[in-house]
Every structure is written in C-alpha cells, then in structure tokens.
C-alpha cells in the first residue's frame, strides 16, 4: 500500500511554501489580536453619579484589559434600562436594585450579578420659591412632584423612594400629582425654575448643583445619616449589574467578563482621587468639575470597592422594597436572595 507521507528532504518548493503560509496564517490571531467581545450596557442617564462607573469603563480601558469593548446606552430610567435587557437590545443594565426587584415580581429571569453602589444618594428637592411654605413633606400634599420616570407597571427606584417618603410624611398616594421629567440636568432645573413642578426626587450630582445654584433646597437627603435613619431600609443597594438568567444558562462568558470589568473599574475608583476620577470622565467645564469633586469627597462611600454583595445591605434593600410597596402582596412576600447571583463577586457581612 502506498504512503502519502513525504519527508522534509524530498519536499517540493511548493509544499514547503504552502506549509510556511499555513503557519503564518495560524499565527495571525496572536499577531493581530482577537476581536474584542462586544458588550452593551443600559444605564439611566447620562451624568448620574450612581452610574459614572459604567461611563468610566472605556475611559480607563477596563474593558480592553479583559478583551472586551463596552458600549453604554442611556435610558430615561431604571425600568427602561431593564426593558432594554429583556428585549435583547443590550446585554446588561446597571440600575437601582429596587427597580430590578419590581420587574422581577413579573419576570423571574431578572438577576443581579454585582454591587455597584454602597450608598443611595436620593434627595427630595423643593423649588426655591417655596422655602417659606414647605417645611415638611406634609406641606407637599396636593402639589406636583417630578420623577425621572413614572410607571405603574414597573416602579423605578426613585418612584419607590418618593412613595415611601410621602407615605411616612402623612401624604398618601393620590394626594399629589406625579410627572415624568427625564434625567437631564436641563429638564430637571427648567421644571423647577418654571414652577412646572414643586419638587423632584433627584440624586447626585444634580442635587448638589441645584442647591448650589439656589434652584431648590433639600427637604430630605438619604446621604445624610440622621435623615436616613427615619426611613426603613434607607441603606439599600442603589445600583447593581443586572442580567438575565436564561442567557446565563446558555453562556456565562459575557456575564463573567462583564463582572470582571466592573470589579476592575471599582478597584480603579477606590485607588484614585476624586480629581483623577473627574479627569478620567473627561469633564472639562471648571465649574462642573469642581462641583462633582465636592460630591465625591462628601460621599466617599458612594461606590462599592469590590462588587461583592453585602448581606446586611441586601436585607436593608428587602426591607426598603417591602415597606415602599405596602399593600402589594407579591412585594411583601418577595425574598431578595432568589435574584442574587454572586458566583463571580461573592458576599460579605
């Protein structure tokens, strides 16, 4: 039986050239570099301090370091960002965990993969012209309140904060009017200046901007430890990386890579100054830079350092969620552990 084997000594010039070509082709991926893994993340924004870590990812190269490329998609609020995930418009979302819990009541595919924030910085801001009239939440009865987004189907975190604050302040649902105002600084400030709304539930850094510019004054700020103690579960997890369990079952590569990117970004934040943080974001306006630096210095606990879930914070989040949705049996029986997937970040006390 004849053999097709040819020794090196008898190889023809053509076969030697072909082998060399094949070897060169095999080396191409290593020489050129593999295509980065494409990841899309939806977040409320832009320019919300809670979600700055996501905007920071590509600016510090945290995605490239993990062989990926992260694209950020901005949504008007948490429910819209989660909706992007559920409709396959993006791979992940970073939103307030209570907002994700609201969606989880109806869709068990919603899971939380990493902690982004360590301190919620929501503030109830009242327009400056009402300073002599509004001294407590009870004084806002019958008035118009602005929210980033307003939905009866899936409640955003800010909507849950509003309802809890007002109910505790003796102002029941239906005794005030809610309007959606979006997340942009321009729309929030314009609605307050014009009197289209009497108050807003805002967060940082806009809350500080509005107070500094005398557009509004804070009636409640959850970043204030003394005020926060008045509300059950006020230490809830403000922002978390959200994914879908059905996608995880089919392929964990994207989620594992995204979590590594988040952890790398949080570690960068923990080891850099507020000035370096703001510089990396590319904010060039001197006034904006300084105001954000002030916020970052004032609330050093704003971001998680490692992405791990705190068992204590998860309990706080569960308490907040149940309390904010009083009268909703599904919410009252909800247990947060059912939606936490901590395989890549772990948990801590």
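Odds and ends about this structure:
- For the range 181-200, filtered to residues that are modelled with pLDDT of 85 or more and in contact with a strand residue (DSSP E or B) (Cβ under 6 Å, 6 or more places away or on another chain), the residue that is nearest to residue 320 (Cα to Cα) is 200.
- For the range 310-320, a residue qualifies if it is under 29 Å from residue 166 (Cβ atoms) and modelled with pLDDT of 90 or more, and the qualifying residues are 310, 312, 313, 314, 315, 316, 317, 318.
- Enumeration of residues in the range 233-251 that are over 20 Å from residue 116 (Cβ atoms) and either assigned to a helix (DSSP H, G or I) or modelled with pLDDT of 95 or more (or both): 246, 249, 250
- Count of the range 297-334 residues which are surrounded by 17 or more Cβ atoms within 10 Å (Cβ to Cβ), touching a strand residue (DSSP E or B) at 6+ places or on another chain (Cβ under 8 Å) and outside any loop (DSSP other than H, G, I, E, B): 5
- Only one entry in 139, 107 is surrounded by fewer than 22 Cβ atoms within 10 Å (Cβ to Cβ) and under 30 Å from residue 262 (Cα atoms), namely 107.
- Residue among 281, 292, 266 that is surrounded by fewer than 20 Cβ atoms within 10 Å (Cβ to Cβ) and within 18 Å of the chain's Cα centre (by Cα): 281
- Note on the range 115-135: residues that are more than 21 Å from residue 188 (Cα to Cα) and either assigned to a strand (DSSP E or B) or touching a residue at least 60 places away in the same chain (Cβ under 8 Å) (or both) total 5.
The values are calculated or read from the model by the stated rules, or taken from the named source; none is laboratory data. This one's a predicted model, so the numbers in the text were calculated from it and none came from an experiment. All Cβ positions, even for glycine, are placed from backbone atoms using ideal geometry, and neighbour counts span all protein chains on display.
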